[in-house]
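Participant: The structure follows.
Each value in this text was obtained by applying a stated rule to the coordinates, not by laboratory testing. Predicted model, so just to flag it, every value in this text is computed and none were measured. FYI the Cβ positions are ideal-geometry reconstructions off the backbone, even for glycines, and counts take in every protein chain you see.
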Amino acid sequence: DAKTTQPNSMESNEEEPVHLPCNHSTISGTDYIHWYRQLPSQGPEYVIHGLTSNVNNRMASLAIAEDRKSSTLILHRATLRDAAVYYCILYDMRFGAGTRLTVKP
Amino acid sequence: KAGVTQTPRYLIKTRGQQVTLSCSPISGHRSVSWYQQTPGQGLQFLFEYFSETQRNKGNFPGRFSGRQFSNSRSEMNVSTLELGDSALYLCASSLAYHGGELFFGEGSRLTVL
């Protein structure tokens, strides 16, 4: 099974950018990289996904390394509502423990 | 467009009993996945169904089973409940099998006494 590795937790200050890393060294050439987040007391929600090129949407940006063995989810200006657990997953949709993001006012 | 609906939202069972949870996917979605979420283990994959066939299975004992009906609705069953089965069970639906964007329900919270 494909596997991802993320830090357990990260902290950020409100209105500052946040870079959430993910390692996926066993990724295959056709695997998309997906990011989800889970707000307190809610089910996970889709954030963004990409294959090779960097991707942007209204929620975040996804930067993918040239060798595709790592990626970074970028929140350009963190808000208190961005406090959540962020998951990086591959084709098999198996979630790990994710990264718990704390945003400080 | 209605989201993913899971029933019941909360239930309490005792050890040794069995439980059936239901998931109605978003209209048009043919893939349904089930996850177990506990504080200690995080979000663990149970199984995925597509077109009434189980396509993928996680590392759970045979007490955990599921099925999908022709209208894409899915049920999961846990037999001979153990205390450790207390968890939030989440269902997700997607258009595509294996890698499509997942849309999650609010979950069914099971407490085993």
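Participant: Per-residue Cβ counts within 10 Å, from other chains only, averaged over A:77-84: what number is that? Before the final figure, lay out each step's value.
Facilitator: Values: counts 0, 0, 0, 0, 0, 0, 0, 0.
Counting Cβ atoms of other protein chains within 10 Å of each residue's Cβ and averaging gives 0.
Participant: Among B:GLN68, B:GLN41, B:GLN54, determine the one that fluctuates most according to a GNM of chain B built with springs between C-alpha atoms less than 10 Å apart.
Facilitator: Among B:GLN68, B:GLN41, B:GLN54, the largest GNM mean-square fluctuation belongs to B:GLN41.
Participant: Can you sort A:SER41, A:SER25 so the residue with the fewest Cβ neighbours within 10 Å comes first? Don't skip to the end; give the middle numbers.
Facilitator: On the way: A:SER41 8, A:SER25 12.
With the sparsest Cβ surroundings first, the list reads A:SER41, A:SER25.
Participant: Same structure again: Report, in debye and to the nearest 20, how large the dipole of chain A comes out about its Cα centre when Lys and Arg carry +1 and Asp and Glu carry -1 on their Cβ. The partial results should precede the final answer.
Facilitator: Working: 10 positive and 11 negative charges, 25 e Å.
In total the dipole reaches around 120 debye.
Participant: Can you list which of the chymotrypsin sites (Phe, Trp or Tyr not before Pro) found in region B:65-113 are DSSP loop residues with at most 14 other C-beta atoms within 10 Å? Don't jump to the answer; show the numbers that get you there.
Facilitator: Working: sites: B:PHE69, B:TYR89, B:TYR97, B:PHE103, B:PHE104; in loops: B:PHE69, B:TYR97.
Hits after loop and neighbour filter: B:PHE69.
Participant: Next question. What is region A:14-62's relative contact order, in percent, from Cα pairs under 8 angstrom and six or more apart in sequence?
Facilitator: Working: 45 pairs, mean separation 11.7, N = 49.
Relative contact order for region A:14-62 comes out at 24 percent.
Participant: Each residue of region B:15-27 in order: what ³J(HN,Hα) in whole Hz does its phi give by Karplus 6.51 cos²θ - 1.76 cosθ + 1.60, θ = phi - 60°, with x for Gly and Pro?
Facilitator: Using θ = phi - 60°, the values come out as 3, x, 6, 10, 9, 10, 10, 10, 9, 9, x, 4, 3 Hz.
Participant: Further question on the same structure: Pull up the cross-link candidates among the aspartates and glutamates for A:LYS104, meaning alpha carbon to alpha carbon under 12 Å and not fewer than 8 places away within one chain.
Facilitator: Within reach: A:GLU11, A:GLU14, A:GLU15, A:GLU16, A:ASP82.
Participant: Along the three principal axes, how long is region A:64-103 when you take its alpha carbons, biggest first, rounded to the nearest angstrom?
Facilitator: Projected onto its principal axes, the Cα set of region A:64-103 covers 32, 23, 11 Å.
Participant: Still on this model: Determine one quarter of the surface area of the Cα convex hull of region B:27-70, which equals its mean projected area, and express it in nm² to one decimal. Don't skip to the answer; put the middle values down first.
Facilitator: Details: hull surface 14.6 nm².
If I average the Cα hull's projected area over directions, I get 3.6 nm².
Participant: Oh, and also: ³J(HN,Hα) across region A:92-100 via Karplus (A = 6.51, B = -1.76, C = 1.60, θ = phi - 60°), whole Hz, x for Gly/Pro?
Facilitator: After applying 6.51 cos²θ - 1.76 cosθ + 1.60, I find 7, 6, 8, 7, x, 7, x, 10, 7 Hz.
Participant: Percent of Cα-Cα pairs per 5 Å bin, from 0 to the last occupied bin, for the protein assembly as shown, please list those.
Facilitator: It works out to 1, 7, 15, 18, 18, 16, 12, 7, 4, 1, 0, in whole percents.
Participant: Which whole-Hz ³J(HN,Hα) couplings does region A:56-68 yield from phi under the Karplus relation 6.51 cos²θ - 1.76 cosθ + 1.60, θ = phi - 60°, glycine and proline marked x?
Facilitator: Each residue of region A:56-68 in turn: 10, 9, 5, 8, 6, 10, 10, 9, 10, 4, 4, 7, 6 Hz.
Participant: So what does log10 I(q)/I(0) come out to for chain B at q = 0.19 Å⁻¹, using the Debye formula with one equal point on every Cα and no solvent?
Facilitator: With one equal scatterer per Cα and no solvent, log10 I(q)/I(0) is -0.92.
Participant: Among A:ASP82, A:ASP67, A:ASP31, which one shows the highest mean-square fluctuation when chain A is modelled as a Gaussian network with alpha-carbon springs under 10 Å?
Facilitator: Residue with maximal mean-square fluctuation among A:ASP82, A:ASP67, A:ASP31: A:ASP67.
Participant: Still on this structure, I have one more. Amide H of A:ALA78: which non-local residues (sequence gap of 5 or more, or other chain) have their own amide H closer than 5 Å, using H built in the peptide plane?
Facilitator: Those qualifying (amide H under 5 Å, at least 5 residues apart or on another chain) are A:GLU15, A:GLU16, A:VAL18.
Participant: With no solvent and one equal point scatterer per Cα, compute the Debye intensity ratio I(q)/I(0) for chain A at 0.12, 0.14, 0.15 Å⁻¹ and report its log10, rounded to two decimals.
Facilitator: Log10 I(q)/I(0), no solvent term: -0.35, -0.48, -0.55.
Participant: How crowded by other chains is B:83-93, given as the mean number of beta carbons from other chains within 10 Å of each beta carbon? Show your work: numbers first, answer last.
Facilitator: Values: counts 0, 0, 0, 0, 0, 2, 0, 4, 1, 5, 0.
For peptide B:83-93, the averaged partner shielding equals 1.
Participant: Please work out the Cα center distance from region A:31-58 to region B:49-105, rounded to the nearest Å.
Facilitator: When both Cα centres are located, 21 Å separates them.
Participant: Just to compare against my own numbers: the Cα pair-distance distribution for region B:52-104, 10 Å bins, whole % per bin, please.
Facilitator: Going from the shortest bin to the longest, the percentages are 18, 53, 26, 3.
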